[in-house]
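The values are calculated or read from the model by the stated rules, or taken from the named source; none is laboratory data. It should be emphasised that the depicted structure is a prediction, and the values quoted were computed from it without experimental measurement. Backbone-built Cβ (ideal geometry, glycine too); neighbour counts: all protein chains shown.
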Amino acid sequence: MNPTPFRFTALAACLAIATTAGCARLPAAAATASDAGTPTPAAPVAADNDAGLARASAAAMAFSSQLRSELLAAMAAGGPVAAVDVCHTRAPRIAGMVMTEHGVQLGRVALPGRNRNPAQAADDWRLATLQVFQQAVDAGAPAAEQVSVVRDGLPDGVALRMMRGIATEPACLACHGSEVAGPVRAAIAKRYPGDQATGFAVGDLRGALWVEVPTPAAPGPAAP
Ligand code: HEC
């Protein structure tokens, strides 16, 4: 009769989302990414000198921390079903605000066929990177440790692309597992009739957070 255990689980899930998306891990992620993308091992100032990576990390952190605080507020006010609603309405808007503020493109994606929001099926470079992450996870690597930072060979106007794997944690199962509770399932189905983001197990790669940093605006020829 007491709804507390379920509420606690869903609250933990929302916290975990934010954490996984970068809130608590991105400072480490930035260091990892820097290490991964820089051949010189001892480069303590690499991240500081890499304005693009610093910007990508800052944007990802802003997204995560804001999502976290809004989810906390929603859980306190309305419980887990309300959290579905917040994920639906606020996650994309928070991403939009962070993109404007930090001057980057950013979002979360999942493999096609495993996504909830149809707009968040990974495509293009995000799909290619996510497939590499998936192969690594299938081979036993931890999902949350998958990081990709690319600076070379990018299209005109793109300075850096960063992507980080998002792991399925126990608390995610409330909305992404095999046995999602009725009211939560109904709330998800209402917003996402074609939902394909259930059936995940702990440790599975749930998706990824991606950031694309544009090259600094160059003074181009004036438009006629
Ligand atoms: C309260 C329900 C709920 C819980 C718990 C939950 N999610 Fe989600 N998740 C959603 C909803 C709703 C969306 C779609 C949001 C949108 O439209 O952007 C979503 C979308 C996502 C996406 C974007 C890709 C896609 O399929 O659209 C990722 C990645 C994700 N969740 C990861 C997680 C992880 C990791 C956890 C656990 C740490 C988690 N979620 C827990 C409801 C939940």
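Going through Gly203, Gly194, Gly153 one at a time, which residue ends up being in contact with a strand residue (DSSP E or B) (Cβ under 8 Å, 6 or more places away or on another chain), surrounded by fewer than 21 Cβ atoms within 10 Å (Cβ to Cβ) and either at pLDDT below 95 or in a loop (DSSP other than H, G, I, E, B) (or both)? Full working, then the answer.
Details: Gly194 fails: in contact with a strand residue (DSSP E or B) (Cβ under 8 Å, 6 or more places away or on another chain); Gly153 fails: in contact with a strand residue (DSSP E or B) (Cβ under 8 Å, 6 or more places away or on another chain).
Checking each option against the conditions leaves just Gly203.
Of the residues that make up the stretch 96-104, is at least one over 12 Å from Trp210 (Cβ atoms) and either within 9 Å of the ligand (Cβ to nearest atom) or modelled with pLDDT under 95 (or both)?
The initial filter retains those residues of the stretch 96-104 that are over 12 Å from Trp210 (Cβ atoms), namely 96-98, 100-103.
Right, trim to either within 9 Å of the ligand (Cβ to nearest atom) or modelled with pLDDT under 95 (or both) and you get none.
No; the residues of the stretch 96-104 include none that is over 12 Å from Trp210 (Cβ atoms) and either within 9 Å of the ligand (Cβ to nearest atom) or modelled with pLDDT under 95 (or both).
Note down all Cβ pairs under 7 Å where the first residue falls in the stretch 160-176 and is hydroxyl-bearing (Ser, Thr, Tyr), the second is assigned to a helix (DSSP H, G or I) and near the ligand (Cβ under 8 Å from one of its atoms), and they're at least six residues apart or on different chains.
Listed pairs, sorted by first residue: Thr168/His176.
Looking only at the stretch 105-130, filter to residues that are in a loop (DSSP other than H, G, I, E, B) and among the small types (Gly, Ala, Ser); which one of those is farthest from the ligand (Cβ to nearest atom)?
So in the stretch 105-130, the residues in a loop (DSSP other than H, G, I, E, B) come out as 111-117, 122-123.
From the residues that got through so far, the ones that are among the small types (Gly, Ala, Ser) too are 113, 122.
Working: Gly113: 10, Ala122: 9 Å.
It comes out as Gly113.
Which residue, of Gly207, Gly177, Gly199, is within 23 Å of Ala60 (Cα to Cα), of a type outside the set (Lys, Arg) and within 20 Å of the chain's Cα centre (by Cα)?
After applying the criteria, what remains is Gly207.
Would you point out which residue out of Gly157, Gly140 is out of contact with any helix residue (DSSP H, G or I) (no Cβ under 9 Å at 6 or more places or on another chain) and without any contact (Cβ under 8 Å) to a residue 40 or more places away in the chain? Break it down into steps so the answer makes sense when it comes.
Working: Gly157 fails: without any contact (Cβ under 8 Å) to a residue 40 or more places away in the chain.
Within the list Gly157, Gly140, the selection yields Gly140.
Can you tell which of Ala141, Ala174, Ala159 is out of contact with any His (no Cβ under 8 Å at 6 or more places or on another chain), part of a helix (DSSP H, G or I) and of a type outside the set (Lys, Arg)? Walk me through it before giving the result.
On the way: Ala141 fails: part of a helix (DSSP H, G or I); Ala159 fails: part of a helix (DSSP H, G or I).
Going through Ala141, Ala174, Ala159 in turn, the sole match is Ala174.
Which one is farthest from Ala174 (Cα to Cα) among residues in the stretch 34-61 that are surrounded by 20 or more Cβ atoms within 10 Å (Cβ to Cβ) and modelled with pLDDT of 75 or more?
Asp50
Return yes when Val104 is hydrophobic (A, V, I, L, M, F, W, C) and closer than 18 Å to Ser57 by Cβ and no when it is not.
Working: hydrophobic (A, V, I, L, M, F, W, C): yes; closer than 18 Å to Ser57 by Cβ: yes.
Yes: the conditions hold for Val104.
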